Amino acid sequence: MSTASLSRQTGGLVIDAVFVFDADGSRCAGTPGVDKAFGGRPIERVVDLAARFRQPDGMPLELELPGTRIALGANGQSGSRVVITTELLEDGTGAARGPAMVVAVRPFRDEDDPATVHHALGSVLAHELRTPMTTIFGGAQLVSDPRVSETTRNEAAKSVEREAQHLNRIIEDLVVLVRSSGDSPLGLEPVMLQHIVPRAVAATRATRPRASIEVLLPPSLPPVMGDEDQVDHVVHNLVDHAVVYSPLGRTVRVEAVRAGRNVEVHISDDGPTRDERAATGAFDLFHTSVRTAADPSGANLGLVVTRRLVLAMGGRIWASSDAPGGELVFSLPIAGRA
């Protein structure tokens, strides 16, 4: 493995750097000048390098394990994302001082990079699927247990249904994430947001029964060009996101308005406000901000998928940094000459 040139990235992290460590974790070689480029104390051991980063879910890195992982700067800035690969050398042993481990750091280049997608899938499978699967398994046991009361079985059945719907949505997000760019374009047709938005909101209420959601849809809204299933997916993901980050007891607002040749759908909540930087990166894979603490995988999968679907339908999507709380907006072109 050859070393590459040094450069800088937002957050002051070096990119395209290579480190070589011996069997006891001490550094024995590496890209020249890397310590100055990284800043801080010299990187003398593998634990020093690991301390510069953390996993997207906030957990520390274990660079001694082979494989590729996405990491964030320890300061938590979303612009400090890198891809770190650890390779173990066959001739590295604890008996003699010599190369045993190579750790390469490179920039996070694109969310479509196979290694990036692979890591995103791993994060989701390891974290986001755990809760619904645990609930479904436990609920199924209660439903089939003759010793529990009828009331308990009914509540367990409702929990299983809610988590199954949640699990299905995660799977749909994963399908969109791994879909290749060479897929056929969506078959777009005129669709009515007055029909789709209430259905998507009802799906969120089914999985989050304590949510308070207000919907304002003028009956005069013209049809927009889109795919009905994908628009439903977009609205559900955005409303679900708003519910997660809205304080308990506060209302999430969903409003559609005509804006020139488009219809805009605004989803707002009373959660933390995004600054300009957080608004710009809100739909990026592994984006981190004050609003992402509730994402157990750290992948930001729901918003990544939402952006892909909106763009595939010829629309636009953005996050606001002006309004109090959080606001996400997507727009789709009006069908025909309405």
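Remark: spin-label model distance residue 323-residue 175 equals 3.0 nm, labels positioned 7 Å along the Cα→Cβ axis. Gain on full extension, evaluated as 0.36 nm per residue between residue 41 and residue 195 minus their Cα-Cα distance, stands at 49.6 nm. Would you mind classifying region 189-333 by shape? Square roots of the alpha carbon gyration tensor eigenvalues, ordered a ≥ b ≥ c; an a/c under 1.5 is rounded, otherwise it is prolate if a/b is larger than b/c and oblate if not. Prolate, because a/c is 1.5 or more and a/b exceeds b/c. Modelled spin-label separation between residue 154 and residue 88, with each label point placed 7 Å from Cα along the Cα-to-Cβ direction: 5.5 nm.
Read-outs: derived from the displayed coordinates by stated rules, not from any lab. A quick note: this is a predicted structure, and the numbers were derived from the prediction, not measured. Don't worry about glycine lacking a Cβ; one is built from the backbone with ideal geometry, like all the others, and counts go over all protein chains shown.
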